[in-house]
Amino acid sequence: MYYTHFGLTQPPFRITPNTEFFFSGGNRGPILEALIYAISQGEGIIKVTGEVGSGKTMLCNMLQSRLPPTVETAYIPNPSVSPEEIVHAVALELHLKPPRDAGHLELMQLIHAHLLERHAQGKQVVMFVEESQSMPIATLEEIRLLSNLETANSKLLQIVLFGQPELEDNLRQTNIRQLRERITHSFRLSPLKTIEIGDYLHFRLRAAGYRGPDLFSPPIINAMAKASGGLTRRINLLADKAMLAAFAENTHTIKPKHVKAAVRDSEFSHYEAPPPRVRSRFVLIAFAVGTLLGVALLALIQGYQQAPTSVAEPIPQSPVAPMAAAPAKPAAAPVVPLPIAEPQAPATPAPPAPDPLAAAPAPLALAPATPKKTPPAPAKPINPIDNKQEVKKEIAQPVDSGTLVQTRLRATTDWLAKPGNNAFTIQLLGADNQQQLKDYLNVISKYVEINEVFVYRTLAKQKPSMTVLYGSFADRRTAQEALKQLPAALKSSKPILRTAQGIRVEIAEHQSP
């Protein structure tokens, strides 16, 4: 299947419990150690509960493999039997050979004798009961009677019950309260959290021999967490089918559509894909620019209509339109600076927000070279990105974007070509054309060092696109810390971690000619 395609030595996401793939995260490791300690104490009954597919059988198998040789185990996988049958099943698991027609009393005597023999040998006997939530109440009571077998100093039989949350409901019944009182330790396997799911997926892949870059990106992990509910069996099914879908497309990149197909095929609960990379900051800027263009067009029409009046007597400048009165500080749009009217021309009435296009009709008015009176001091213009004067000055004097794009493209090529470059980086956003990329770089350069920004050409939805990256980090943890420290303005585009190797593969597969 896909194992060779991804460089695996064995299947990473089988649902059959394999102790080689035991994941100690999600509190599984501490629970295992606590179980070993509780069994070594030899007191009472132990209870472990968890949802279907939360890893109870894996924990049970791991527990049996970790117990010392002095502990003899009996495993009851299906306890949904009558009280008489459960005693017979215990006798068989202890390798006793009771007669077929042996009665209840005879079976109890055989079990008791065997337990005393093992105790005399310095051995301990532990019985593991799986799916105990399906055990009839009368059978649960029989389990309690088995736990009564003891010497003057210690229990002869230690019992560990594994079950779903319904076991808790059964134990709350009044007629079983004696068993409930004998439970000395209770543990619960909680669903994995999103960050633990990421660690779980990476751990299973490494255990299966994978040595490449991370296959499951944060958006993919979020989608799998939402669909699986944090249950390890569902996570295994989703990951296996998503990797199979990627293999069918001959790609090494797990995409949202692969997870969606895996969810649909697994008939899990309603799937919600991870949100697309919405560049909210730039969407707002585009909306603002569109609005200002409309206002500028309206001002242009009004300028034509009022041109004769402007020849005889200039229109007084508005206190909220400082564009013409401040030639030393030309106004700029939120992202792309545009040319403005000559400073000698009187300003046409404009809306409160400054707009470089609002002064467009001013050159049409034949204003006198020397104004009749000194114009009032202009009010501070409102900057769409930041109200601080320092930021306004920076935006008014942007970087030479045309040269910058080519410089960053060459720097990216050199960075990717470095031998042994397995660095991590942060993907900030994508641009559909070079002009849009220039606008983005102007904004990004105000927040991070531009020499740490990389740009490469690729395809997005079968169309040429350019992706912007930030930083080169030696390991994943360093990259994650840098991602957390990004300014809020750059986090609005929902950046993700990438690897240099993954980018090289993407360029080889998708880069436009």
Taking the stretch 165-183, which residues are modelled with pLDDT under 90 and of a type in the set (Val, Ile, Thr)? 174, 176
I'd like the residue in the stretch 81-106 that is farther than 14 Å from residue 145 by Cβ and of a type in the set (D, E, K, R) and, out of all such residues, is nearest to the chain's Cα centre (by Cα). 93
Do the conditions hold for residue 85, that is, is it open to solvent by 20 Å² or more (accessible area, probe 1.4 Å), within 24 Å of residue 135 (Cα to Cα) and not aliphatic (A, V, I, L, M)? yes
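Check 425, 467, 412 and return the single one that is within 23 Å of residue 256 (Cβ to Cβ), free of Cβ contacts under 8 Å to residues at least 60 places away in the same chain, crowded, with 17+ Cβ neighbours inside 10 Å and of a type in the set (S, T, N, Q).
467
From the list 110, 94, exactly one residue is touching a helix residue (DSSP H, G or I) at 6+ places or on another chain (Cβ under 7 Å) and open to solvent by 40 Å² or more (accessible area, probe 1.4 Å). Which is it?
110
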If you check residue 82 against the conditions, is it small (Gly, Ala, Ser) and modelled with pLDDT under 90? yes
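Residue by residue, here is whether (1) of a type in the set (D, E, K, R); (2) out of contact with any helix residue (DSSP H, G or I) (no Cβ under 7 Å at 6 or more places or on another chain); (3) surrounded by 13 or more Cβ atoms within 10 Å (Cβ to Cβ); (4) over 15 Å from residue 201 (Cα atoms) holds:
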site	(1), (2), (3), (4)
6	no, no, yes, no
20	yes, no, no, no
26	no, no, yes, no
46	no, no, yes, yes
Here the residues within the stretch 481-507 that are small (Gly, Ala, Ser) and open to solvent by 40 Å² or more (accessible area, probe 1.4 Å) are 488
Need the failing condition index for residue 404 against (1) at pLDDT below 50; (2) surrounded by 19 or more Cβ atoms within 10 Å (Cβ to Cβ); (3) of a type in the set (A, V, I, L, M); (4) not in a loop (DSSP other than H, G, I, E, B), just the number. (1)
State whether the residues of the stretch 30-41 include one that is part of a loop (DSSP other than H, G, I, E, B) and in contact with a helix residue (DSSP H, G or I) (Cβ under 9 Å, 6 or more places away or on another chain). no
Condition (residue is open to solvent by less than 40 Å² (accessible area, probe 1.4 Å) and part of a loop (DSSP other than H, G, I, E, B)) applied to the stretch 453-460: is it met by at least one residue? no
I'd like the full set of residues that are at pLDDT below 85, closer than 19 Å to residue 474 by Cα and either more than 27 Å from the chain's Cα centre (by Cα) or not hydrophobic (A, V, I, L, M, F, W, C) (or both), limited to the stretch 408-448. 419, 420, 421, 422
Tell me whether the stretch 129-141 contains one or more residues that are without any contact (Cβ under 8 Å) to a residue 60 or more places away in the chain, among the hydrophobic types (A, V, I, L, M, F, W, C), touching a Leu at 6+ places or on another chain (Cβ under 9 Å) and open to solvent by 20 Å² or more (accessible area, probe 1.4 Å). no
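Yes or no: residue 121 among the polar types (S, T, N, Q) and over 23 Å from residue 59 (Cα atoms)?
Considered against the rule, which asks whether it is among the polar types (S, T, N, Q) and over 23 Å from residue 59 (Cα atoms), residue 121 comes out as yes.
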Mind checking which residues of the stretch 244-257 are in a helix (DSSP H, G or I), surrounded by fewer than 19 Cβ atoms within 10 Å (Cβ to Cβ) and in contact (Cβ under 8 Å) with a residue 24 or more places away in the chain? 244, 247, 256
Considering only residues that are at pLDDT 90 or above and either closer than 13 Å to residue 72 by Cβ or not in a helix (DSSP H, G or I) (or both), which ones fall in the stretch 97-115? 111, 114, 115
Checked pairs for the stretch 173-198, first without any contact (Cβ under 8 Å) to a residue 24 or more places away in the chain, second open to solvent by 100 Å² or more (accessible area, probe 1.4 Å), C-beta under 9 Å and 6 or more apart or across chains, list as 180/172
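The values are calculated or read from the model by the stated rules, or taken from the named source; none is laboratory data. Fair warning: this is a prediction, and the values are worked out from it, not measured in the lab. In this analysis, Cβ positions are derived from the backbone assuming ideal geometry, glycine residues included, and neighbour counts consider all displayed protein chains. Side chains are part of the model used for accessible areas, which takes the heavy atoms of the whole protein and leaves out ligands, DNA and RNA. Shrake-Rupley method; radii C 1.70, N 1.55, O 1.52, S 1.80 Å.
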